[in-house]
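Read the structure below first, then the notes.
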Amino acid sequence: MAMRIAGAPISWGVCEVPGWGHQMTAERVLTEMAGTGIIATEFGPDGFLPTDPVQRRELLTAYGLTAVGGFVPVLLHDPGHDPLPEVLAHLPAFLASGANTLVLAAATEAEGYDQRPVLDAAGWRTLLGRLDALAGVTADHGVVATLHPHVGTMVERAEEVWRVLDGSVVGLCLDTGHLLVGGADPVEVARKAAGRTAHVHLKDVNATLASRVRAGAIGYRDAVAAGMYRPLGDGDVGIAEIVTALTDAGYPGWYVMEQDAVLASEPADGTGPLADVRRSLAYLASVGT
Ligand SMILES: O=C1[C@@H](O)[C@H](O)[C@@H](O)[C@H](O)[C@H]1O
């Protein structure tokens, strides 16, 4: 089966973290994305696309794009906080646009991804229970919930990823970049957890910068600004092996191409994110799409 490739606004530096960097408009991002031949996208952060579900769908359609899902960080470990209402509030926009994958991240209470607390046993119990409950409720609406391991969230390190896979039934959003930065081997995860993989974020990474993030020698945002994420094929992630492992296992879902970026200013026409996305697409074509 041919790979289903989608884009994401984070490749254009559009991010949920306040103060992350220069934010491009939806009009320019969608124009450039569609211009590469990409036909589907994730939503990006709240406020990037219209909140109104119908207006959102119409805007994407105007650019020839369909929606695959969206990244939603929620507090999952606090017994005093029920994440269900905020997850339910996102669903109408998913359903109106035909996006059937919810990408959850286990938010901390801090802003950004530069620091995080580590969970105790009670926090883990709550988090795993919440994941299963959310997966059940979204499935009733035809939406598959996945957990996205992410630096600076409660699920970052390799052992934490396996703890989620062993302790809950939620699908995995296999983000090749965050797995590597968190110290997991993304090829091993793809091979061992192909059956749990319900969504894929393909990122390539400079492993030297990744190990500095892991060691606490540089902050996550600063590492992204320094170019930790590379066009696919230019970094240290075994993208081709991962695609092969998932294809062999019959993975039917999307490959969302992401090169998280921090922009200092509006890029000149044809440069910056657009040039990098084109390079990644050319690489993917060479690995057999
Ligand atoms: O890793 C990430 C993505 O996968 C996700 O799609 C983005 O929205 C986040 O900003 C980013 O940190």
key: Candidates 259, 23, 115: whichever shows maximal mean-square fluctuation once the chain is modelled as a Gaussian network with Cα springs under 10 Å   = 115
query = Relative contact order, percent, of the range 1-152 when contacts are C-alpha pairs under 8 Å separated by at least 6 residues?
reply = 21 percent
task = Take every DSSP beta bridge with both residues inside the chain and express the antiparallel ones as a percent of the total, to the nearest 5.
result = 5 percent
ask   = So which residue, out of 168, 265, 11, gets the largest mean-square fluctuation from a GNM of the chain using Cα contacts under 10 Å as springs?
value = 265
query = Roughly speaking, to the nearest percent, how much of the range 120-248's 1.4 Å accessible area is carbon and sulfur?
reply = 47 percent
remark   = Amide H neighbours of residue 172 at under 5 Å, excluding residues fewer than 5 places away on the same chain, with H built from the backbone geometry, are 147, 197, 198, 199
query = Could the peptides 229-236, 150-157, 268-275 be put in order, highest first, of the mean number of other beta-carbon atoms found within 10 Å of their residues?
reply = 150-157, 229-236, 268-275
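Roughly how big is the range 216-289's charge dipole about its Cα centre, with Cβ charges of +1 (Lys, Arg) and -1 (Asp, Glu), in debye to the nearest 20?
Roughly 60 debye for the range 216-289.
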task = Bin width 10 Å, alpha-carbon pairs only: give the P(r) of the range 1-149 as whole percents, running from 0 to the bin holding the largest distance.
result = 11, 38, 34, 15, 2
message = So with the 1.4 Å probe, I'd like the accessible area per residue for the range 2-288, rounded to whole Å².
response = 39 Å²
task = Name the residue farthest towards the positive end of the dipole of the chain from the options 225, 75, 251, assuming +1 on Cβ of Lys and Arg, -1 on Cβ of Asp and Glu, about the Cα centre.
result = 251
note = If unit charges are put on Cβ atoms (+1 for Lys and Arg, -1 for Asp and Glu) and the dipole of the chain is taken about its Cα centre, the option from 287, 210, 8 lying farthest towards the positive end turns out to be 287
query = Along its principal axes, what span do the Cα atoms of the range 205-289 show, with the longest given first and each in whole Å?
reply = 38, 37, 19
remark   = For the chain the mean separation of alpha carbon contacts under 8 Å (6+ apart) over residue count, i.e. relative contact order in percent, is 21 percent
message = Let me spell out the model: positive unit charges on the Cβ of Lys and Arg, negative unit charges on the Cβ of Asp and Glu, origin at the Cα centre of the chain. What dipole size does that give, in debye rounded to 20?
response = 480 debye
ask   = Taking the chain as a Gaussian network, Cα atoms linked when under 10 Å apart, which of 186, 73, 85 shows the biggest mean-square fluctuation?
value = 85
key: Solution diffusion estimate, µm²/s, Stokes-Einstein, the range 2-288, Kirkwood Rh from C-alpha pairs, 20 °C, viscosity 1.002 mPa s   = 114 µm²/s
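The values are calculated or read from the model by the stated rules, or taken from the named source; none is laboratory data. This one's a predicted model, so the numbers in the text were calculated from it and none came from an experiment. Ideal geometry is used to build each Cβ from the backbone, glycine not excepted, and the neighbour counts take in all protein chains shown. Heavy atoms of the whole protein, side chains included, go into the accessibility calculation; ligands, DNA and RNA do not. Shrake-Rupley method; radii C 1.70, N 1.55, O 1.52, S 1.80 Å.
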